[in-house]
1. Scanning the range 149-178 for residues that are more than 16 Å from LEU69 (Cα to Cα) and at pLDDT below 90, which turns out most open to solvent (accessible area, probe 1.4 Å)?
2. Considering only residues that are of a type in the set (Val, Ile, Thr) and open to solvent by less than 30 Å² (accessible area, probe 1.4 Å), which ones fall in the range 107-141?
3. Select from the range 118-159 the residues that are out of contact with any strand residue (DSSP E or B) (no Cβ under 6 Å at 6 or more places or on another chain) and acidic (Asp, Glu) and write down the one among them that is nearest to ALA34 (Cα to Cα).
4. Yes or no: the range 179-193 includes at least one residue that is more than 17 Å from LEU39 (Cα to Cα) and over 17 Å from the mean Cα position of the chain (by Cα).
5. Scan (1) within 18 Å of the chain's Cα centre (by Cα); (2) of a type in the set (D, E, K, R); (3) in a loop (DSSP other than H, G, I, E, B) for the single condition GLU157 breaks and write down its number.
6. Given (1) part of a strand (DSSP E or B); (2) open to solvent by 30 Å² or more (accessible area, probe 1.4 Å), where does ASN92 come up short, assuming only one miss?
7. Can we say PHE170 is part of a helix (DSSP H, G or I) and aromatic (Phe, Trp, Tyr)?
Amino acid sequence: MDVIEAWWVDRIKDFFASKPFHLKSDAGSSVSSAVWDLLDQAKKRQKDNLGTMYQGAVLQHLVGAKMQLLVGDKQEIEHHGFFVADAPTGRNGDFMVGNTIIHVTTAPGELLMDKCLDNIHSGYRPFIITVSESMPAARSLAGIKGILKNVEIADAEQFISTNIHEWSGFDSARHKGTIEKLIMIYNQLIDTYETDPGLKVSLK
């Protein structure tokens, strides 16, 4: 009975893991809180399905969608699957725009700081984007490594929401349309670079 029960629990987890996340476009809530809620959904699903880094995957492609929306048709941002490591592909980070190398992470560590140091020595500008609760750790580690003054560190919620406000002309009535464009690009990235449709996002 224990084995059967465990099997059904796993099937229920698989069912919910296959469902898309939801971004709540509520006129009464801030954009940054909506982004935080989306990332929190991914974090909770991650706890229920150990071994799959949902939050990291959502964050990477959300930032990628934001970058693609930012440059529009003028420039094609190079995207990669979340589980494609930097080293085998020869990449210096997750995204490169101009002379800036963007690192997207939910858990900044010493290895990331070493990458940033390599970026600096190679003449690039490292830019770390992480979740708000990891900001203190990122700044502390950068300080220990001696590169705090040489690296940009931003929390993902503000990084994404600030542009949504700008693209919407700071008119909250236009937020929904801008968010819809962002999520459309995000879902296209999931279709192209990931195999798990449960990483997609639907708008509420």
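1. The residue in question is PHE170.
2. We begin by selecting, within the range 107-141, every residue of a type in the set (Val, Ile, Thr); these are 120, 128-131.
Matches in the range 107-141: ILE128, ILE129, THR130, VAL131.
3. The residue in question is GLU157.
4. no
5. Every condition holds for GLU157 apart from (3).
6. (1)
7. Numbers: part of a helix (DSSP H, G or I): no; aromatic (Phe, Trp, Tyr): yes.
Spelling it out, it is not the case that PHE170 is part of a helix (DSSP H, G or I) and aromatic (Phe, Trp, Tyr).
The values are calculated or read from the model by the stated rules, or taken from the named source; none is laboratory data. What you are looking at is a predicted structure, and each value in this text was computed from that prediction instead of being measured. Note: ideal-geometry Cβ built from the backbone for every residue, glycine included; neighbour counts use all protein chains shown. Note: areas computed on protein heavy atoms with side chains; ligands, DNA, RNA excluded. Shrake-Rupley method; radii C 1.70, N 1.55, O 1.52, S 1.80 Å.
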